[in-house]
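Below is one structure; the comments refer to it alone.
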Amino acid sequence: MNALYFKYILIITLCFDFNAHLFSRDHASFNSLVPDHSRVQYAGSMGMVSLSIGYQYWQHRLEMDLILGYIPKQYGFDIPFMFTLKQSIIPIKWKLSNAIYVQPLTFGFYINRVHGNRFYMQLPSQYPDGYYWWQNEVRFHVFIGFRLGKLELNQAMPFHSVEWFGEFHTNDLYICSSLNNSRLGLKDIMKFTTGLKFNFRSAYKPIH
Amino acid sequence: MKRLSIVTPIFLLGWLTACDFEYHVNEVHKSMLPANLNGNNLLRLQQQKASDTLTLAFIGDTQGFYDDTRDMVGHLNTQPDLDLIIHLGDITNFGIQEEYLWMNDILSKLKAPLLVIAGNHDLLANGELIYDYMYGPTSFTFSWGKNRFIMVNTNSIEYGFDGSVPDMEWLTDQLADTLAQRIILCMHIGPYDEDFDPAMRDTFLSVINQFPQLAIVANAHRHYFQDFSSLHPNTCFLQNACANTREYLKITLTGQHCTYERVVF
């Protein structure tokens, strides 16, 4: 997928989120830029470990995360940081008990960008036009996942609930690789990621 | 319904053990990669005694053609007399770790020893770091019996045509410094290819033409077969097709006399 597609997706996503931010925040925020949640995540093709801040829209059916990932240089990255923008949709929430709830289905996409000598958005000049049809700085991922949450009853904590999440994800290059053959299936192209999400006290409560 | 919501994550938990973690698509995650595959296969080769007749198979440009490569491996395994199989480069499309692993999963089923040369696609992004760990140096040379094999990196386009690749000083030294009766020279991008560094083409051809022991020259990259032998008398100078064309080259070298067969599978 060339860079232009990602630019369009990014611009459309940001416009959508900006609109959601203005019109669908359910709580009376004294400062609507205060994040609703924060995540710490392991793997996910956005770094070895990553931290995010995020916003929730439409009674927490839509989430946006701004993610900073760290990957040690030994894994091939001269610049060990990378940035990811993530959109999650959470259509279902179930209460299991007074303190436990589950979001059995989450899905969405994210756009990840790396920097470094060996990465580029536009083909360097030594190549004829269109020599390689993809670029290697930006990757587009899709995911499907689940979350298990617990209300935090200790009022001294800054978050009202904490969720453990797991997601299965893949990206545009893996999907392309799997399309023209029978050898590669979902099991080959899917990766797994996991982490914890902390919902701040200012955010919409996941269950009543 | 509620019970399902408990069971589902647990079930997925079970499945997750089959899925890997990935730090980034372009990661070089050495704990997930086999190491020094060319070196290991060379050791295997050198435990066999080389006879006067050398039987080689050339494959190349298996990038993304997983089904065809799987069939090709099956067919190669039916050939009883292969001494060595040489992959002339482009085992991946994007130079990413997962592709290297997918392709290795298929190629590792070959019975005969396999040596893999890096193609231009294999060197993209972090590909050279992966290749270097998984296979070894991009240019290397070894002797087996009275045969001298020279594998030279000719992917100049990936180095911005800066003159460092192909390393002509190294190549000339390897060609000159051998008591071998037969030289087999392998590369990914051949000198007649438009992607070969145009500033180095004439030098390359004049250097290799100086050595009468040069019995076989092989390249790939273009995805179709071509025979350049008429330009180089007494040498089999061949361009290999890709896995998708469902053919590979089988070469027999007896004394200084070389014959080849385009094997269809």
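The values are calculated or read from the model by the stated rules, or taken from the named source; none is laboratory data. Predicted, not measured: the structure shown is a model, and the values here were computed from it. So basically every Cβ, Gly included, is an ideal-geometry build from the backbone, and we count neighbours across all protein chains shown.
Within segment B:128-142, the residues that satisfy the criterion of being facing chain A (nearest Cβ under 9 Å) and either more than 14 Å from the chain's Cα centre (by Cα) or of a type in the set (A, V, I, L, M) (or both) are B:Leu129, B:Ile130.
The set of residues from segment B:244-265 being part of a strand (DSSP E or B), surrounded by 15 or more Cβ atoms within 10 Å (Cβ to Cβ) and in contact (Cβ under 8 Å) with a residue 40 or more places away in the chain comprises B:Tyr248, B:Leu249, B:Lys250, B:Ile251, B:Thr252, B:Leu253, B:Cys258, B:Val263. Condition (residue is touching a residue at least 60 places away in the same chain (Cβ under 8 Å) and within 14 Å of chain A (Cβ to nearest Cβ)) applied to segment B:158-168: is it met by at least one residue? No - not one qualifying residue is present in segment B:158-168. Those helices (runs of 4 or more DSSP H) of segment B:30-118 in which 1 or more residues are within 21 Å of B:Ile189 (Cβ to Cβ) and more than 14 Å from chain A (Cβ to nearest Cβ) occupy B:37-46.
Reported count of residues in segment B:174-204, each being within 15 Å of B:Ile150 (Cα to Cα) and either in contact (Cβ under 8 Å) with a residue 40 or more places away in the chain or not in a loop (DSSP other than H, G, I, E, B) (or both), is 14.
Return only the number of the condition from (1) within 14 Å of chain A (Cβ to nearest Cβ); (2) part of a helix (DSSP H, G or I); (3) in contact with a helix residue (DSSP H, G or I) (Cβ under 8 Å, 6 or more places away or on another chain) that B:Leu171 does not satisfy. Of (1) within 14 Å of chain A (Cβ to nearest Cβ); (2) part of a helix (DSSP H, G or I); (3) in contact with a helix residue (DSSP H, G or I) (Cβ under 8 Å, 6 or more places away or on another chain), only one is false for B:Leu171: (1).
Look at segment A:110-123: where a residue is under 16 Å from B:Tyr159 (Cβ atoms) and part of a loop (DSSP other than H, G, I, E, B) and a partner is at pLDDT 90 or above and of a type in the set (A, V, I, L, M, F, W, C), sitting 6+ places away or on another chain with Cβ atoms under 6 Å, you get A:Arg118/B:Ala125. One residue alone among A:Leu173, A:Leu153 is surrounded by 19 or more Cβ atoms within 10 Å (Cβ to Cβ) and of a type outside the set (Ser, Thr, Tyr), and that residue is A:Leu173. Evaluating A:Leu184 against the criteria (1) touching a helix residue (DSSP H, G or I) at 6+ places or on another chain (Cβ under 6 Å); (2) touching a residue at least 24 places away in the same chain (Cβ under 8 Å); (3) at the interface with chain B (Cβ under 10 Å from one of its Cβ atoms); (4) not polar (S, T, N, Q) leaves one unmet condition, (2).
Rundown of residues vs (1) within 30 Å of B:Gly64 (Cβ to Cβ); (2) among the basic types (Lys, Arg), yes/no style:
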{"site": "A:Arg118", "(1), (2)": "yes, yes"}
{"site": "A:Met121", "(1), (2)": "yes, no"}
{"site": "A:Asp129", "(1), (2)": "yes, no"}
{"site": "A:Ile144", "(1), (2)": "yes, no"}
{"site": "A:Glu152", "(1), (2)": "no, no"}
{"site": "A:Ala156", "(1), (2)": "no, no"}
{"site": "A:Asp172", "(1), (2)": "yes, no"}
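Considering every residue within segment A:126-142, establish whether at least one is of a type in the set (Phe, Trp, Tyr), crowded, with 16+ Cβ neighbours inside 10 Å and more than 11 Å from every other protein chain (Cβ to nearest Cβ). No, segment A:126-142 contains no residue that is of a type in the set (Phe, Trp, Tyr), crowded, with 16+ Cβ neighbours inside 10 Å and more than 11 Å from every other protein chain (Cβ to nearest Cβ).
Can you confirm whether segment B:103-123 contains a residue that is surrounded by fewer than 24 Cβ atoms within 10 Å (Cβ to Cβ) and modelled with pLDDT under 95? No, segment B:103-123 contains no residue that is surrounded by fewer than 24 Cβ atoms within 10 Å (Cβ to Cβ) and modelled with pLDDT under 95. Within segment B:129-154, restricting attention to residues that are in a loop (DSSP other than H, G, I, E, B) and in contact (Cβ under 8 Å) with a residue 60 or more places away in the chain, which residue is farthest from B:Leu175 (Cα to Cα)? The extreme case among them is B:Tyr135. Within segment A:74-100, being within 21 Å of A:Ser52 (Cβ to Cβ), in contact (Cβ under 8 Å) with a residue 60 or more places away in the chain and in a strand (DSSP E or B) holds for A:Leu85, A:Gln87. Considering B:Ala241, B:Ala218, the condition of being closer than 15 Å to B:Gly89 by Cα, assigned to a strand (DSSP E or B) and among the small types (Gly, Ala, Ser) is satisfied by B:Ala218 alone. Which of the residues that make up segment A:55-79 are within 14 Å of chain B (Cβ to nearest Cβ) and crowded, with 17+ Cβ neighbours inside 10 Å? Residues satisfying the conditions are A:Ile67, A:Gly69, A:Ile71, A:Tyr75, A:Gly76, A:Phe77.
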